[in-house]
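These notes concern the structure reproduced below.
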Amino acid sequence: MLNTAVRTFLLLFLITGLGVSTLNAQRQKVINLQKYDMEPYHFGFILAANQMLFTVKPIDGHQFIVYGSDMGPDFASDSLSLYEVTSTPTPGFTIGIVGNLRLGSNADLRFIPSLSFGERYLDYSIMRYRNGEPELIDIRKSVASTYVEFPLHVKYRSKRLNNFAAYLLGGAKYSIDLASNKRNDRENNNIAIKLNNHDLALEVGTGVDFYTNYFKFGVELKMGYGLTNILVDDGSIYSASIERLNSKIFQLSFTFE
């Protein structure tokens, strides 16, 4: 699924470039919102679909580390070790407000406070030993997140051609996870994955703007990669066996400005 998202990102970038080349050959049309990009600032809103996931780095030699039974209270065992851990994404959505400050004829500074909802899974394959017999079991942990996000981007726009312009953007984003677990839930021997509720990410993206009679409509594909290790070690095999856990997000956005 990650490879599919990356291919989609590259495909959109290629289509954007081909679109600009094709439109160069078109005759001049009626120009909508002719002075729009000359305004010092403007506002709008954003609706987006996202896909959140984790980049997981287990500790070195994790297959050979044996943990006591108290490290995995979700199930009965004499001892256990981690065989493999992977991340599975699910679709989510984002809403936000666009604030745009003109920096130059082709550059803008954009601040887009947003609210993002999503869920990710951590899938563990654990080798447990019980009465001397090994058994490979699969455990799935759900991690739901509600992020308040504060992205700051620099947007570089191509020269406008008729009612179309392509652009690239890059910047950073600070996030607060309102749904991060404050403590582990040990009721019914259910151990939740605990995350830090603060994260900092780098973001890059590409998109196209269409100028209509009344507003500017944009389609944008963006990727963000978290810089901080957001996993909290709670003393269970689910955290003790992982060296780093970084957030990653792909987002398809529709802007109305």
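Being at pLDDT below 90, farther than 23 Å from residue 70 by Cα, surrounded by fewer than 16 Cβ atoms within 10 Å (Cβ to Cβ) and within 19 Å of the chain's Cα centre (by Cα), is that true of even one residue in region 218-230?
Scanning region 218-230 turns up no residue that is at pLDDT below 90, farther than 23 Å from residue 70 by Cα, surrounded by fewer than 16 Cβ atoms within 10 Å (Cβ to Cβ) and within 19 Å of the chain's Cα centre (by Cα).
Checking the condition at pLDDT below 90, polar (S, T, N, Q) and open to solvent by 10 Å² or more (accessible area, probe 1.4 Å), which residue from 197, 184, 213 passes?
Unique residue meeting the criteria: 184.
Going by the conditions given, is residue 206 modelled with pLDDT of 90 or more and loosely packed, with under 14 Cβ neighbours inside 10 Å?
No, not satisfied.
For residues that are open to solvent by 20 Å² or more (accessible area, probe 1.4 Å) and touching a helix residue (DSSP H, G or I) at 6+ places or on another chain (Cβ under 8 Å), tally how many sit in region 232-247.
4
For region 59-167, which strands (runs of 3 or more DSSP E) that fit wholly inside it have 3 or more residues that are within 21 Å of residue 193 (Cβ to Cβ) and under 20 Å from the mean Cα position of the chain (by Cα)?
Because the criterion is at least 3 residues that are within 21 Å of residue 193 (Cβ to Cβ) and under 20 Å from the mean Cα position of the chain (by Cα), the strands (runs of 3 or more DSSP E) in region 59-167 that meet it are 79-102, 114-130, 133-157.
The values are calculated or read from the model by the stated rules, or taken from the named source; none is laboratory data. Owing to the predicted nature of the structure, the values given are computational and were not obtained by experimental measurement. Neighbour counts run over all protein chains shown; Cβ positions are idealised from the backbone, glycine included. Calculation scope for accessible area: heavy atoms of the full protein, side chains included, ligands and nucleic acids excluded. Shrake-Rupley method; radii C 1.70, N 1.55, O 1.52, S 1.80 Å.
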